[in-house]
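Here the structure comes first, spelled out in structure tokens, and everything after it is commentary.
The values are calculated or read from the model by the stated rules, or taken from the named source; none is laboratory data. A quick note: this is a predicted structure, and the numbers were derived from the prediction, not measured. Backbone-built Cβ (ideal geometry, glycine too); neighbour counts: all protein chains shown. Accessible surface areas use protein heavy atoms only, side chains included; no ligands, DNA or RNA. Shrake-Rupley method; radii C 1.70, N 1.55, O 1.52, S 1.80 Å.
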Amino acid sequence: WNARKHGGEKRRIWRKIHIGIDEETLEVRAVEITGSNIADAPVLPELLEQIPPDQKISSVTADGAYDTRKCHQAIAARNAAAVIPPRKNAKPWKPTSPGAVARNEARRASKYLGRAIWRRWSGYHRRSRVESKMNCIKLLGQSLMARDFDRQAAELQVRIAVLNGYTALGIPVTVPVE
């Protein structure tokens, strides 16, 4: 946005990496790479599709940009709990789907408890684990060597695979001693 606002090199474009991680293993389970012109919310259903249907998803935690009908619908279709803060000016949705009902409950709880207490109560703070994983991805390099989009996506997939390998090596294995 800085280049667009102040001028500068016109050919520079950004890629956005959308990730889904397993909270217990900290493994990146789903990756979607898009251009900078694609918003975050439309990508969530595609991320959920990357996880096999036979594997249970207990909850999906995301920021307020994901407070859309399609996101809540996709999360409810996987029988997962949506931990997404409702927008500040959120209005109740018609309870026509399980996602809308869950979102209305989150809206009501957020309004009743206050946003700060709702965040602690709902476990919204766990989203910081994804942010720290994104920082790890950035530490592997912020620029891409490949020039076309398919090769850039492949390059980022390789980086994610390397990161998952490092994550698996870094998690301690604890065994109870008798």
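Estimated from helices alone, the mean residue ellipticity of the chain at 222 nm is -14000 deg cm²/dmol (sum of -39500 (n - 2.57) over DSSP H runs with n ≥ 4, per residue).
If you roll a 1.4 Å probe over the heavy atoms of the protein chains, what accessible area per residue do you get for the range 9-167, in Å²? Numbers along the way, then the final one.
Numbers: 10200 Å² over 159 residues.
Heavy-atom accessible area per residue stands at 64 Å².
The listed residues Trp121, Trp93, Trp14 rank as Trp121, Trp14, Trp93 when sorted by accessible area, largest first, using a 1.4 Å probe.
Report the calculated FRET efficiency for Arg151 and Ala77 (r = Cβ-Cβ distance, R0 = 45 Å), to the nearest 0.05. Intermediate results must be reported in sequence, preceding the final value.
Working: r = 33 Å, r/R0 = 0.73.
About 0.85, to the nearest 0.05.
Using only side-chain charges placed at the Cβ, +1 for Lys and Arg and -1 for Asp and Glu, the dipole size of the chain relative to its Cα centre rounds to 1220 debye. Can you classify the range 24-81 as rounded, prolate or oblate using the Cα gyration tensor, where a ≥ b ≥ c are the square roots of its eigenvalues, rounded means a/c under 1.5, and otherwise it's prolate if a/b beats b/c and oblate if not? Note, shape of the range 24-81 comes out oblate. The residue list Val83, Ser58, Tyr112 was ranked by how far each Cα lies along the charge dipole of the range 28-158 toward its positive end, using unit charges on Cβ atoms, and Tyr112 comes out on top.
If you plug the beta carbon distance of Arg119 and Val173 into 1/(1 + (r/R0)^6) with R0 = 25 Å, you get a FRET efficiency near 0.20. Amide H to amide H, with H built 1.01 Å from N, Val83 comes under 5 Å of Val60, Thr61, Ala62, counting only residues 5 or more places away or on other chains. The Cα atoms of the chain give a gyration tensor whose axes a ≥ b ≥ c have a/c of 1.5 or more with a/b no greater than b/c, which makes the shape oblate. Take every Cα pair under 8 Å whose residues are at least 6 apart in sequence, average their separation, divide by the length of the chain, and the relative contact order is 17 percent.
Quick one: which of Lys111/Lys138; Lys91/Lys133; Lys91/Lys138; Lys56/Lys94; Lys94/Lys138; Lys16/Lys111 span more than 30 angstrom between C-alpha atoms?
On the way: Lys111/Lys138 36 Å; Lys91/Lys133 33 Å; Lys91/Lys138 36 Å; Lys56/Lys94 27 Å; Lys94/Lys138 40 Å; Lys16/Lys111 32 Å.
Distance filter (> 30 Å) returns Lys111/Lys138; Lys91/Lys133; Lys91/Lys138; Lys94/Lys138; Lys16/Lys111.
Surface composition of the chain: carbon plus sulfur atoms hold 55% of the accessible area, using a 1.4 angstrom probe and ignoring ligands, DNA and RNA.
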